[in-house]
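Below: one structure, written as structure tokens.
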Amino acid sequence: MAFDPNNLMQDRITDIGPPKYDKFFPPVIKENFGKWKYHEILEPGVLVHVAESGAEIYSVRIGSARLISVDLIREMCDIADKYCDGYLRWTTRNNVEFLVSDKSKLQPLIDDLRSRGNWFPIGGTGNSITNIVHTQGWAHCHTPAIDASGVVKSVMDELFEYFGSHKLPAQVRIALACCLNMCGAVHCSDIAILGVHRKPPFIEHDRVQNVCEIPLVIAACPTAAIKPKKVGELKSIEINNNRCMFCGNCYTMCPALPLADGEGDGIAIWVGGKVSNVLSVPMFSKLAVPYIPNEPPRWPTAVNTVKKIVEAYAAGGRRYERVGDWINRIGWERFFEKTGLEFRHEHIDDYRLAMMTWRTTTQFKF
Amino acid sequence: MAQKHATPMLDELEKGPWPSFVTDVKRMAPKSKMCEDWLGLMEMSYRDKEGHWKHGGIVGVLGYGGGVIGRYCDRPDLFPNVAHFHTVRVNQPASKYYNTQILRQMCDLFERRGSGLTNMHGSTGDIVLLGTTTDELEPIFYELTHDLGMDLGGSGSNMRTPEGCLGMSRCEWSCVDTQDIIYDLTMEYQDALHRPMFPYKFKFKASGCPCDCVAAIARSDCSIIGTWRDNIRIDQEAVRAYVGGELVPHAGAGGREKGSFDIKAEVVDLCPTRCMEWDGKTLKIWDEDCTRCMHCIRVMPRALRPGLDTGATILVGAKAPILEGAQLSSVVIPFIKMEPPYGEFKEFVEKMWDYWMEHGKNRERLGEMIQRVSLREFLKACDLTPDPRMINTPRFNPYIFYDPAEVPGGWEHDGVAFRQRHQA
Ligand code: HEM
Ligand code: HEM
Ligand code: HEM
Ligand code: HEM
Ligand code: SF4
Ligand code: SF4
Ligand code: SF4
Ligand code: SF4
């Protein structure tokens, strides 16, 4: 039965969930599920997985922008139809993997991908800088301090040599979130790029009572900075600017409290986080640079700062050492020295439990 | 054909070796009015250094409380074709395997009924159809469920679309079947996914081993991470082959040169628990000391493999920094067998949800509630027994809230008897 806009209940299907995960497995994956023996990275971006039965599957990993059009997906489909019997997958970090079951098609696939300009860069495996996980930015969200896609593109252009090579001490995971809500996983990344607002919201008193539920706005503020206030005849609110940490929650609840500001907003950079349990335990990213101005279209200062950090790490990190492990070994005083980044008062924590981060020993390096 | 809106700033992002989203969308613009205006709006954002989207209002499909994010542009006068630009979250098949047939169907649907732009994928894991209008939502949902066999994902205060690593489908280290676990949870809790019933969002993520490729420990209210309790399997022949330079260490992740591998410096001495020994012929592991950090296994994948008594560690409470500060998930079940139909695990989940729904405040993530009520209350509510594996260290403050039930006489003093012993 065709869709009938006047009778939505007709023939309605709900709660069917996603297609089952194995519906789109290549046959070799289906047959060897749970029976893989080992894998090897043949060259950056090209993996082989070998099953106990001796069966093999090759994966060619390419970077993508995450924000992609249906035409680009169709082009990927054309490629997968030609070399992969129509099978491909996406990784958690927005890369695409072409799944090759027939070894004779591997090299032709690689050659084909390389022949298509800059659409399908091969890499993102091993000790590389793989794709940047990121959020929406100006493309689609309402609270961003910075764009996401443009910053990611600019950083990846600059670090491109590391995407298709294995020359770093360990893998480097970069993430970007365009505001403090951090819809992404930035807080535990080797390098995190975070959009920050630096001005509290302004209040459009004439609109507040018409477009906002005042109690909800008050409840939304994590630092309890918002109080109700009458402005003449108008029911409105006031904000204790000294308590505001620029999270934008109140704006989400109430569009009469805008906080974006082209000149106030910008980028903070964080370093040394990780999520894997390998060698060292998971770690949060810590502040490296509190503020860099918003510089569209290519954010040169932010890009160069990230590059400086990567290069200092590439020069000083030991094999298998993640950025955070490297910093823990050399100490923060050395980190700021080696990267040439300025240490400022913003680096010293003054939020809750701040004293956990102060140095309570006479051990440090001169 | 000339572009509708000039985009001199965005055009700068067409340069360079990384794929350009600008070039991609510009290719679409001649056949999509939404793409055309989206480019103009983006250019304006680049110029103003401010976004131009307004927060959403409630839009969605009948009977569902999530899956669509309302979005309106604040300059419909200039860019009428993106006046409405809602997002539809579509639940991805676990760990994102596709064939080209289903992808082409999705592309056709979204070109016909939306902007033709997507996120593959959103951070939660969903397929994101970026940009459509309110009147297209029901038709999109109808076609998704009828023709594609797909359904919406989560948004709002509900269970969000669960996601896992690719697990046993292609990874030799996976100790649990992450894909089946994710699929099973997604199907079992469809109601919680589509109809907000929680104080705030709730996320499951599953990784097959402690490498945690989906960052479960940092990004999910309930993290399921595969592990094992017995011994690392060792193939001594293969260890010698690594040492002898016949095999490439680290599966080639650090380059492919052979022969330079120093097992002592690169494995034995780096082992965080110092539980390995290499005498030149045999590798010995004191498994009772191993904390399963995966390092030796990932460096010599053809020689070492996780054990066979496999299951998962369950951790809860990760959340982003807003409010009480960021949290990683904390261990609450050090080991659980994860076998279908996952009854023991689901019992835990339901106790946890019941407690959270009763005690959680509006917009309080699980981790925040646990911080407020204490881990001990949470453990009690879920019938879990305290275990040293749940902590890094016992407390180092003396402010213990003793349970009156465990003190003889509870909180009552015998004042009369006291004064018989002590003068006032
Ligand atoms: C040292 C620890 C790690 C090791 C040894 C490791 C190893 C691997 C291996 C071998 C694969 C390929 C699995 C396969 O495709 O068969 C893989 C995939 C992947 N890894 Fe890791 N990884 C580690 C840490 C991480 C971390 C910390 C992240 C992210 C923060 C990460 C993200 C990914 C992603 C996104 C994939 C693709 C898997 C998928 O889409 O499900 N990995 N990793
Ligand atoms: C250093 C500053 C931080 C930045 C730039 C940052 C950035 C991000 C980004 C981009 C995401 C995207 C997640 C996704 O892919 O779903 C994310 C997610 C997350 N972050 Fe952070 N983060 C930061 C600090 C923290 C801290 C300190 C914590 C907690 C201790 C934290 C906890 C989380 C959690 C739990 C998620 C998972 C989100 C979810 O999917 O529910 N973040 N963060
Ligand atoms: C009050 C706080 C928050 C608000 C108002 C908020 C709002 C939003 C909005 C409006 C979107 C849709 C963006 C778009 O497509 O236009 C979104 C996406 C998302 N949010 Fe949040 N969010 C908040 C906190 C968080 C936190 C704390 C996390 C994780 C720790 C998170 C994780 C996500 C994820 C994973 C997405 C999908 C984003 C993507 O794929 O790019 N959000 N959020
Ligand atoms: C199990 C918990 C603790 C016990 C049993 C304990 C016991 C004691 C005792 C018996 C003294 C000597 C008192 C005296 O001179 O008459 C002392 C002194 C002291 N304690 Fe603790 N303490 C504990 C925890 C702490 C903690 C958590 C701190 C601080 C973070 C702390 C800080 C001090 C300080 C500063 C002194 C004074 C030292 C001095 O002036 O000589 N104690 N404690
Ligand atoms: S931006 Fe955040 S901290 Fe500041 S007033 Fe609004 S809700 Fe409160
Ligand atoms: S004595 Fe001090 S400086 Fe010397 S090795 Fe020990 S800790 Fe280091
Ligand atoms: S988390 Fe472990 S099992 Fe899952 S893909 Fe990563 S390495 Fe493999
Ligand atoms: S897994 Fe980690 S802790 Fe265990 S033996 Fe290997 S290196 Fe040591």
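In whole Hz, with x marking every Gly and Pro, tabulate ³J(HN,Hα) for segment B:379-390 from phi via Karplus 6.51 cos²θ - 1.76 cosθ + 1.60, θ = phi - 60°.
Going residue by residue, I get 4, 4, 4, 9, 6, 10, 9, x, 8, x, 5, 8 Hz, with x marking Gly and Pro.
Can you figure out the FRET efficiency of A:Phe202 with A:Lys308, using R₀ = 45 Å and their beta-carbon distance, to the nearest 0.05?
FRET efficiency, A:Phe202 to A:Lys308: 0.80.
Just report the Cα centroid separation between segment B:65-114 and segment B:193-265, whole Å.
Spelled out, the Cα-based centre of one part sits 34 Å from the other.
Can you give me the distance in nm between label points at A:Glu213 and B:Ser260, each placed 7 Å from the Cα along the Cα-to-Cβ direction?
Each label point lies 7 Å from its Cα, and together they span 6.2 nm.
Which values of log₁₀ I(q)/I(0), to two decimal places, follow from the Debye formula for segment A:256-295 at q = 0.16, 0.31 Å⁻¹ with a uniform point scatterer at every Cα?
-0.58, -0.98
About the Cα centre, and with charges only on the beta carbon of Lys, Arg (+1) and Asp, Glu (-1), how big is the dipole of segment B:8-146? Nearest 20 debye, please.
About 260 debye.
Taking K and R as +1 and D and E as -1, what net charge do the other residues with C-beta under 14 Å from the C-beta of A:Arg116 add up to?
Cβ neighbours under 14 Å give a net charge of -2.
Counting other Cβ atoms within 10 Å of each Cβ, which chymotrypsin sites (Phe, Trp or Tyr not before Pro) in segment B:378-424 have at most 12 and sit in a DSSP loop?
B:Phe396, B:Tyr399, B:Phe401, B:Tyr402, B:Trp411
So what J values fall out for segment A:144-161 if you push phi through Karplus, 6.51 cos²θ - 1.76 cosθ + 1.60 with θ = phi - 60°, rounded to Hz, Gly and Pro as x?
x, 8, 9, 6, 9, 4, x, 5, 4, 4, 5, 5, 5, 4, 6, 9, 3, 4
May I ask what percent, to the nearest 5, of DSSP beta bridges between residues of segment A:141-255 are antiparallel?
Of all bridge pairs located within segment A:141-255, approximately 60 percent are antiparallel.
With an 8 Å cut-off on Cα pairs and a minimum separation of 6 or more residues, tell me the relative contact order of chain B in percent.
Result for chain B is 10 percent.
Starting from the amide H of A:Val133, placed 1.01 Å from N in the peptide plane, find each other amide H under 5 Å away whose residue is 5 or more places distant or on another chain.
A:Ile174, A:Leu176
Which distance in nm do the two modelled labels at B:Glu246 and A:Tyr351 give, with both placed 7 Å along the Cα-to-Cβ direction?
Here the answer is 5.4 nm between the modelled labels.
With point charges of +1 on the Cβ of Lys and Arg and -1 on the Cβ of Asp and Glu, referenced to the Cα centre of segment B:233-305, which listed residue (B:Gly252, B:Pro272, B:Ala241) lies farthest in the positive direction of the dipole?
Of B:Gly252, B:Pro272, B:Ala241, it is B:Gly252.
Show that you can apply the helix-only estimate: for chain A, add -39,500 (n - 2.57) for every DSSP H stretch of four or more residues, divide by all residues, and state [θ] at 222 nm to the nearest 500.
On the way: 11 runs with 94 residues, N = 366.
Helix contribution divided over all residues of chain A: -7000 deg cm²/dmol.
Which value results when the Cα radius of gyration for segment B:121-175 is divided by 2.2 N^0.38 Å?
Against the compact-globule rule of thumb, the ratio is 1.47.
Identify the trypsin sites (Lys or Arg not before Pro) of segment B:331-424 meeting these criteria: DSSP loop state and at most 14 other C-beta atoms within 10 Å of the C-beta.
B:Lys337, B:Lys361, B:Arg395
Quick one: which residues, 5 or more positions from A:Ala148 or on another chain, have an amide H under 5 Å from its amide H? H modelled 1.01 Å from N in the peptide plane, none for Pro or chain starts.
Result for A:Ala148 returns A:Gly137, A:Trp138, A:Ala139.
What list of ³J(HN,Hα) couplings, whole Hz, do you get for segment B:365-374 from phi and the Karplus terms 6.51, -1.76, 1.60, once you set θ to phi - 60° and write x for glycine and proline?
Listing the rounded values in order: 5, 3, x, 5, 5, 5, 4, 6, 8, 5 Hz.
Collect residues whose amide H, placed 1.01 Å from N in the peptide plane, falls under 5 Å from the amide H of B:Gly60; neighbours closer than 5 in sequence don't count.
Sorted by chain and number, the residues that satisfy this come to none at all.
I need the peptides B:41-50, A:196-205, A:9-18, A:120-129 ranked by packing, meaning the mean over residues of other C-beta atoms within 10 angstrom, with the highest value on top.
Per-residue Cβ counts within 10 Å, averaged per peptide and sorted highest first, yield A:120-129, B:41-50, A:196-205, A:9-18.
Treat every Asp and Glu Cβ in the protein assembly as shown as -1 and every Lys and Arg Cβ as +1, leave all other atoms uncharged, and give the resulting dipole magnitude about the Cα centre to the nearest 20 debye.
1500
Across chain A, what fraction of all alpha-carbon pairs, as a whole percent, falls in each successive 20 Å bin from zero upward?
All Cα pairs considered, the percentages come to 24, 47, 26, 3.
What are the principal axis extents of the Cα atoms in segment B:233-305, in Å, biggest first?
Between the extreme Cα coordinates on each principal axis of segment B:233-305 lie 33, 23, 20 Å.
Report the one residue of A:Ala260, A:Pro228, A:Gly340 whose Cα lies farthest in the direction of the positive end of the charge dipole of segment A:207-366 (charges on C-beta: Lys and Arg +1, Asp and Glu -1; origin at the Cα centre).
With unit charges placed on the Cβ atoms, the residue in question is A:Gly340.
For the protein assembly as shown, compute Rg over Rh where Rg is the Cα radius of gyration and Rh is the Kirkwood radius from the inverse mean 1/r over Cα pairs.
0.97
To the nearest 20 debye, what is the magnitude of the charge dipole of chain A about its Cα centre, counting +1 on the Cβ of each Lys and Arg and -1 on the Cβ of each Asp and Glu?
About 1040 debye.
If you average the sequence gap of Cα pairs under 8 Å that are 6 or more apart and divide by the length of chain A, what percent do you get for the contact order?
Computed value for chain A: 12 percent relative contact order.
At what distance in angstrom do the alpha carbon centres of segment B:305-362 and segment A:128-158 lie from each other?
Here the two parts' Cα centres lie 31 Å apart.
Lys and Arg at +1, Asp and Glu at -1: add these up for the other residues within a Cβ distance under 15 Å of A:Ser236 and post the number.
0
Can you find, among B:Pro404, B:Ser115, B:Gly149, the residue sitting farthest towards the positive end of the charge dipole of the protein assembly as shown, where Lys and Arg contribute +1 and Asp and Glu -1 at Cβ?
B:Pro404
Under 20 Å from the 7 Å Cα→Cβ point of B:Leu62, by amide nitrogen: which residues of segment B:105-144?
In segment B:105-144, the label zone of B:Leu62 (backbone N under 20 Å from the point 7 Å along Cα→Cβ) covers B:133-144.
Cα atoms only: what Rg and Dmax, in Å, come out for segment B:8-146?
Expressed in Å, the Cα Rg and Dmax of segment B:8-146 come to 15.4, 46.
For segment A:49-97, compute Rh as the Kirkwood radius over C-alpha pairs and then the Stokes-Einstein diffusion coefficient at 25 °C and 0.890 mPa s; write the answer in µm²/s, rounded to an integer.
Rounded to a whole number, D works out at 205 µm²/s.
Rounded, prolate or oblate: pick one for chain B, where a ≥ b ≥ c are the square roots of the eigenvalues of its C-alpha gyration tensor, a/c under 1.5 means rounded, and failing that, prolate if a/b is larger than b/c, else oblate.
Oblate is the answer for chain B, as a/c is 1.5 or above yet b/c matches or exceeds a/b.
Can you grab the distance from the C-alpha centre of segment B:382-402 to the C-alpha centre of segment A:266-317, Å, no decimals?
Cα centroid of segment B:382-402 versus Cα centroid of segment A:266-317: 35 Å apart.
Mind pulling the angle between the C-alpha long axis of helix B:343-359 and the longest principal axis of chain B? Nearest 10 degrees, somewhere in 0 to 90.
Its long axis makes an angle of about 80 degrees.
Relative contact order of segment A:116-202: what whole-number percent is it, with Cα pairs under 8 angstrom and at least 6 residues apart?
32
For a quick check of your reading of the filter: which trypsin sites (Lys or Arg not before Pro) in segment B:144-220 sit in a DSSP loop and have no more than 10 other Cβ atoms within 10 Å?
none
Can you tell which of A:Lys35, A:Lys307, A:Lys274 shows the greatest fluctuation in a Gaussian network model of chain A with Cα springs below 10 Å?
Greatest mean-square fluctuation among the candidates belongs to A:Lys35.
Each reported figure results from applying straightforward, stated rules to the coordinates on display, with no laboratory input. The shown structure was predicted, so the numbers you read here are calculated from the model rather than taken from an experiment. Cβ: placed from backbone, ideal geometry, glycine included. Neighbour counts: every protein chain shown.
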